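Colleague: One structure, as structure tokens, below. Some questions next.
The values are calculated or read from the model by the stated rules, or taken from the named source; none is laboratory data. Please read all numbers here as calculations on a predicted model, not as lab measurements. A quick note on method: Cβ atoms are made from the backbone with ideal geometry, for glycine too, and the neighbour counts reach across all protein chains shown.
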Amino acid sequence: MFLTRMSLRQDALEFINWFIFEVILNAIASVDTSRASATANSIKMAAFRFILPALAIAAGVSAQSSSCSISSTTTIQNSGDGRALASCTTFSGSIAIATGTTDTIDLSGIQEITGSLTADSARMLPGLVSTDMTTIGSSFTLSNLSVLSTLTFPSLSSVQTIDWNGLPALQGLTFTKGVQMASSLSVQNTQLGSLSGINLAQVDTVVIANNGYLNDINMQLGNVTNNLRLQANGGKVVATFPNLIWANNLDINNVTTFSVPSLAAVNKTLNLQSDYFTSFSAANLTSIGQDLIIKDCSQLNNLSFPLLTTVTAALTVANNSKLTQISGFPQLNFVGGALDFTGNFSSATLPSIKTVRGTFNVQSQQNIDSTCSTFQSLAGINNVIQGPYTCNGTVANPTTEGGSSGTSSSSSSKSSTAAASAMQLPAITGLLGVVAAVFGLL
């Protein structure tokens, strides 16, 4: 869209240039010595009737282009500054809200910002609105905004990064269309009750933390290429990711429900820690590239990984006080690092295990003699359990292999665009000089 508008402006300027020079050349060609004075007057009349209005049009085109094309950042001081940009369908550059702003800023009219949109420490900013904006080419950053209570972007669908932190008055979003494309999402320290309107399909990084009223997290993510972290949100968080197939890292803390029915692979670590769910299932998960950690989940009584075959590094199931049986790994055959089962369980089974390369540590407060007899037969000469072996029951304070308790804890396009805009005014100035010179000769 922006390139199309720039092309139209360039075409208009080129036409005006051609028109001016044609008028001048025709006038000069018609000059003879007997009619020089009359011809000069005719040219001057033509200039006032045609050339100067044409130059005014060109100047207007250039002025609009310049106001919509900023090489760095435009700072909005008040609502009037925001309205002044309404004619810019595409704003080439970045927009920042001044720290002293007290007005609701309305950026309606702008459909695309090629750079970033930032409001940092504008503590009296009550609202930020744009009914037309669909795209923010860089970051959408909101931080330390004490009274911001209105965030209305009903058309927004694409942002490079969302970084919101310190929005204690923001309780809801009006993102009707929904943001579907972003490489990074960070929402921390807000009063949001849901993330309705943020519905990403693919993302590099997601951090949702310290939002005390947030109990509903539902996204259609298919892949997380870097990290997904949920931590210290509302006390009854239901986190649902029905389409998540692949993730690099999953770090899930303090949730009541974590649903990933389609998850097939985790490239690095799956960490479920200090969660409140009673049951967890990863029905389609087959491999974990590094660690699987399930720890300090005080209400957990059922654990199911029916298709999991490989944990490339460490497997830890520790201090889940209501988990009385560890039997959720029927197909697990390979653990590349240490294996730690510690807690208050009465039995633990790994019917398909073929290799545990690191330390094997199983400790429980309950009697697990039968469990230890089974695992003992896999240690040493059978080469299934290859590292140091420990299996003990009726232990008052079971500890993991590392010693912790197992029972108690818790742009180039911007530059070229700016350069193109900057070239237009000098070109018009040059044309005025040519016209003046011709008049002088006449």
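Colleague: In the set Ser92, Ser65, Ser130, which member is among the hydroxyl-bearing types (Ser, Thr, Tyr), at pLDDT below 95 and surrounded by 17 or more Cβ atoms within 10 Å (Cβ to Cβ)?
Modeller: It is Ser65.
Colleague: So which strands (runs of 3 or more DSSP E) stay within region 168-234 end to end and still have 3 or more residues that are under 18 Å from Thr257 (Cα atoms)?
Modeller: Qualifying strands (runs of 3 or more DSSP E): 202-209, 216-218, 223-231.
Colleague: Where in region 254-301 are the strands (runs of 3 or more DSSP E), entirely inside, with at least 2 residues that are under 16 Å from Leu315 (Cβ atoms) and at pLDDT 95 or above?
Modeller: In region 254-301, 270-273, 292-295 are the strands (runs of 3 or more DSSP E) which contain 2 or more residues that are under 16 Å from Leu315 (Cβ atoms) and at pLDDT 95 or above.
Colleague: Tell me which of these Leu148 doesn't satisfy, since it passes every other one: (1) at negative phi; (2) aliphatic (A, V, I, L, M); (3) surrounded by fewer than 22 Cβ atoms within 10 Å (Cβ to Cβ).
Modeller: Here Leu148 meets the rest and fails (3).
Colleague: Can you pull out every residue in region 218-236 that is within 17 Å of Leu270 (Cβ to Cβ) and either aliphatic (A, V, I, L, M) or touching an Asp or Glu at 6+ places or on another chain (Cβ under 8 Å) (or both)?
Modeller: Those that are within 17 Å of Leu270 (Cβ to Cβ) and either aliphatic (A, V, I, L, M) or touching an Asp or Glu at 6+ places or on another chain (Cβ under 8 Å) (or both): Leu221, Val224, Thr225, Asn226, Asn227, Leu228, Arg229, Leu230, Gln231.
Colleague: Separate question: When region 88-112 is examined, which residues are found to be in a loop (DSSP other than H, G, I, E, B), within 18 Å of Ser157 (Cα to Cα) and either hydrophobic (A, V, I, L, M, F, W, C) or out of contact with any Ser or Thr (no Cβ under 6 Å at 6 or more places or on another chain) (or both)?
Modeller: Within region 88-112, Thr89, Leu107, Gly109, Ile110 meet the criteria.
Colleague: Now for a different question. Where residues in region 215-235 are buried (at least 22 other Cβ atoms within 10 Å of the Cβ) and under 22 Å from Ala169 (Cβ atoms), which of them is farthest from the chain's Cα centre (by Cα)?
Modeller: Asn233
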